[in-house]
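Contents: one structure, followed by commentary.
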Amino acid sequence: MTAETHAGLRPRGSTVAGPGDSARQWAVLVCLLLALAGDAIGSGAFGGTPIQHAAGGALSATATMIAPAVPAFSIWAVIYLALIGYTVVQFLPSRKADAKHRALGYPMAASLLLNAAWILSVQAGMLTLSVIVIALLLAALALAFVIVARHPATGILDAVFVDGAAGLYLGWVCVATAADIAAALTAAGFDGGGIAADAWGCAVLVAVGLVGVGLALFGRGRLAPAASLVWGIAWVAVERSSGAPRSTAVAVTAVAVAVVIVVATVLTRVLTMRRGRRG
């Protein structure tokens, strides 16, 4: 194997590049820049209100039972670095007409645009709209994950900046979607329908855990989505055990769910690798 092949620089399933390929590459770049601008506004720069303080604090760490602690959001630095890497990789000449990138480009571009839209909707205090937007964002990333799962990485660049970026992004947005829905319901006055807040928190975390196990099985043990899912869930455990509202039940459930996702991912990965060796 040559160094070029190992780095993933050779095209796979390529045909002659056309104007549509250039349009796709530039669409990804433009949407990335919009997403970065939205993130800057969401962090409080340019006069924007930080997300945890926007919409009356509906998305703060103390707003709901499944809101993660503030340090959890530092994962966005890693996600954006990966997305920047993805944007650069998809501009490589060998990627211009690559089948994987042709399928992946617009779903990723849509996810970046929807991410900026979500930040702006929260900034505007439109939580119901934010739920619709993040559901669309989750759908775009789910499609991206299906694409990368069907087109295995051919080298380090693909593994880290394409598959890794899509996986990290999806895993975190799974946690964010649950937190956003909970925040919107709480802000709308939902009182649990007679069910204790602790019970709702545990139930939602179990649902997120099932999603994590599903991603592990479908992705054949891919580490990136599991990493960001476990990161977010772990910070829910931290906030519920040391912050407010405090809930031992939710904290313990969060830890258990994180462990289950890790075990499911590792076991699936090991079994997949063994099958590959036998094949």
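The values are calculated or read from the model by the stated rules, or taken from the named source; none is laboratory data. Since the model is a prediction, treat every value here as computed from it, not as a measurement. Neighbour counts are summed over all protein chains in view; Cβ atoms, including those assigned to glycine, are modelled from backbone coordinates with ideal geometry. Just so you know, the surface numbers come from the protein's heavy atoms only, side chains and all, with ligands and any DNA or RNA stripped out. Shrake-Rupley method; radii C 1.70, N 1.55, O 1.52, S 1.80 Å.
With the condition kept exactly as written, say whether any residue in the stretch 1-11 is crowded, with 17+ Cβ neighbours inside 10 Å, among the acidic types (Asp, Glu) and either modelled with pLDDT of 85 or more or farther than 30 Å from Ala196 by Cβ (or both).
No; the residues of the stretch 1-11 include none that is crowded, with 17+ Cβ neighbours inside 10 Å, among the acidic types (Asp, Glu) and either modelled with pLDDT of 85 or more or farther than 30 Å from Ala196 by Cβ (or both).
State all residues of the stretch 17-57 that are modelled with pLDDT under 90 and of a type in the set (Val, Ile, Thr); if no residue qualifies, say none.
Across the stretch 17-57, the qualifying residues are Ile41, Thr49, Ile51.
May I ask you to list the residues in the stretch 85-142 that are among the basic types (Lys, Arg) and at pLDDT 95 or above?
Result: Lys100, Arg102.
Would you please name the residue that is surrounded by the most Cβ atoms within 10 Å (Cβ to Cβ), looking only at residues in the stretch 104-133 that are of a type in the set (Ser, Thr, Tyr) and out of contact with any Leu (no Cβ under 7 Å at 6 or more places or on another chain)?
Ranking the candidates gives Ser130 first.
Please tell me if Phe190 is of a type in the set (Phe, Trp, Tyr), touching a residue at least 24 places away in the same chain (Cβ under 8 Å), surrounded by fewer than 16 Cβ atoms within 10 Å (Cβ to Cβ) and over 20 Å from Ile75 (Cα atoms).
Answer is no for this residue.
Taking the criterion of being within 24 Å of Ala27 (Cα to Cα) and under 12 Å from the mean Cα position of the chain (by Cα), would at least one residue in the stretch 114-124 satisfy it?
Yes, the stretch 114-124 contains a residue that is within 24 Å of Ala27 (Cα to Cα) and under 12 Å from the mean Cα position of the chain (by Cα).
Tell me the residue from Ala72, Ala77, Ala139 that is assigned to a helix (DSSP H, G or I), open to solvent by less than 40 Å² (accessible area, probe 1.4 Å) and of a type in the set (Gly, Ala, Ser), please.
Residue meeting the stated conditions: Ala72.
Going by what's in this entry, would Gly48 be described as in contact (Cβ under 8 Å) with a residue 40 or more places away in the chain, of a type outside the set (Phe, Trp, Tyr) and closer than 27 Å to Ala254 by Cα?
For Gly48, the condition - in contact (Cβ under 8 Å) with a residue 40 or more places away in the chain, of a type outside the set (Phe, Trp, Tyr) and closer than 27 Å to Ala254 by Cα - is not met.
Please verify whether Gly221 is part of a loop (DSSP other than H, G, I, E, B) and either over 23 Å from the mean Cα position of the chain (by Cα) or of a type outside the set (S, T, N, Q) (or both), treating the condition exactly as stated.
For Gly221, the condition - part of a loop (DSSP other than H, G, I, E, B) and either over 23 Å from the mean Cα position of the chain (by Cα) or of a type outside the set (S, T, N, Q) (or both) - is met.
When you go through Ala244, Ala251 one by one, which is the residue that is open to solvent by less than 60 Å² (accessible area, probe 1.4 Å) and modelled with pLDDT under 95?
Ala244
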